[in-house]
């Protein structure tokens, strides 16, 4: 099984080398998409053994992910694992995603930060909970920790993928992927990992109010297309059974 690890990175010079070195213990191919960083992110990633693709300017996480995914497909990857370059995700947890893929090869695998979640800042927990509600409704499927960027995408799903809208969409793109995956027959399944919020970490690029609002607007548009999708709401809340045809 050919696995490519894709790491979007924006000004992560302090952490990217260590993340790349640890990721290379899990997969032979590590792609870092340097999203117009103004620091030494690219040089640090290359020195650690990553293949670096440089964006000419800062275009957002959505565009960086899209470019990395397309590059991985061009390299005949069977699956793509995405994780962040700031140290919030442990590359050592990658085997958990691979084990889940062995059992359920036609699912998008989510690394859900549910262990020790109380360590997350309160505002982040609230914003993530709101995003989980809206994204699950639009997907018609219960999804935990929709804002985790640590995922395994089957190549077959990525080949059906639509590119980011409106210049990339940042975190909105990752939420849209969950909705697309579910409606394409690759509903997410979660593996539990520990939530890491280290005091010395840089501030997250995720802005709880701004980005949650943008995700909500995207979801609202999806729901309006489906007549508000009441069946999806009931399924996401566990009040109706999931469709066996779509989700088994």
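The values are calculated or read from the model by the stated rules, or taken from the named source; none is laboratory data. Since the structure is predicted, the reported quantities are computational estimates derived from the model, not experimental observations. In this analysis, Cβ positions are derived from the backbone assuming ideal geometry, glycine residues included, and neighbour counts consider all displayed protein chains.
Summary table
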{"quantity": "Members of segment 83-99 that are surrounded by fewer than 18 Cβ atoms within 10 Å (Cβ to Cβ) and either assigned to a loop (DSSP other than H, G, I, E, B) or touching a helix residue (DSSP H, G or I) at 6+ places or on another chain (Cβ under 7 Å) (or both)", "calculated": "90, 92"}
{"quantity": "Single match in 138, 131 (criterion: closer than 25 Å to residue 242 by Cα, modelled with pLDDT of 95 or more and in a helix (DSSP H, G or I))", "calculated": "138"}
{"quantity": "Matching residues, segment 108-137, being farther than 24 Å from residue 64 by Cβ and buried (at least 22 other Cβ atoms within 10 Å of the Cβ)", "calculated": "136, 137"}
{"quantity": "Which numbered condition residue 163 fails, given (1) modelled with pLDDT of 75 or more; (2) buried (at least 17 other Cβ atoms within 10 Å of the Cβ); (3) in contact with a helix residue (DSSP H, G or I) (Cβ under 7 Å, 6 or more places away or on another chain)", "calculated": "(2)"}
{"quantity": "Test: residue in segment 170-180 that is within 20 Å of the chain's Cα centre (by Cα), at pLDDT below 90 and either exposed (fewer than 14 other Cβ atoms within 10 Å of the Cβ) or not in a loop (DSSP other than H, G, I, E, B) (or both)", "calculated": "yes"}
